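Encoded as structure tokens, the structure appears first; notes follow it.
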Amino acid sequence: MTSRRDLLAALVALATPAMARSATPDVVVGLDAAAVQRIGEAWRELHPNVTAAVLAKRLFPAGRGLAALPRLRDQAAADFRKGAVFTYRGWRLSDTEGALLALLSFEA
């Protein structure tokens, strides 16, 4: 079973352009690309004015890569504490996780 930590790490890996174009990293194996697209699009419907550039700047202010993971984990945890959640078909994701999926759906 995939943990929330594994999901967030996979999303960060996928959101790193070089990793997304290269061979699939181990952390991404088993992640359903169609589900990423559907969930990302659902988040975007709730935030219709958001662009890929805005999301990239929000999620990766210091650049993309696995080094961003600790900050994103903290941000996701803070989202849950303050009730900033996104629900899709029974999945409760932090707003940060939803934004990552939305960024991926823009870039797919």
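The values are calculated or read from the model by the stated rules, or taken from the named source; none is laboratory data. Given the structure is predicted, the values throughout are model-derived calculations rather than measurements. Note that each Cβ is placed from the backbone with ideal geometry, even for glycine, and that neighbours are counted across all protein chains shown. Keep in mind that these areas ignore ligands, DNA and RNA; they rest on the heavy atoms of the full protein, side chains included. Shrake-Rupley method; radii C 1.70, N 1.55, O 1.52, S 1.80 Å.
Residue check, VAL50 against (1) part of a helix (DSSP H, G or I); (2) modelled with pLDDT of 90 or more; (3) not basic (Lys, Arg), all met but one. Which one? For VAL50, the exception is condition (1). For region 56-79, name all the residues that are at pLDDT 95 or above and out of contact with any Asp or Glu (no Cβ under 8 Å at 6 or more places or on another chain). Result: ALA78, single match.
Within region 53-68, how many residues turn out to be touching a residue at least 40 places away in the same chain (Cβ under 8 Å), among the small types (Gly, Ala, Ser), part of a helix (DSSP H, G or I) and more than 15 Å from PHE106 (Cα to Cα)? Spell out the reasoning first.
Let us first name the residues in region 53-68 that are touching a residue at least 40 places away in the same chain (Cβ under 8 Å), namely 55-56, 58-60, 64-66, 68.
In the following step, the residues that additionally are among the small types (Gly, Ala, Ser) were identified as 56, 65, 68.
Restricting the remaining residues to those that are part of a helix (DSSP H, G or I) gives 56, 68.
Next cut, more than 15 Å from PHE106 (Cα to Cα) only: 68.
Matching residues across region 53-68 total 1.
Checking each residue in region 90-105 for being open to solvent by 70 Å² or more (accessible area, probe 1.4 Å) and either in contact (Cβ under 8 Å) with a residue 40 or more places away in the chain or over 23 Å from ALA33 (Cα atoms) (or both) picks out only TRP91. Restricting ASP6, ASP32 to residues that are of a type in the set (Asp, Glu), at pLDDT below 80 and surrounded by fewer than 12 Cβ atoms within 10 Å (Cβ to Cβ) narrows the list to ASP32.
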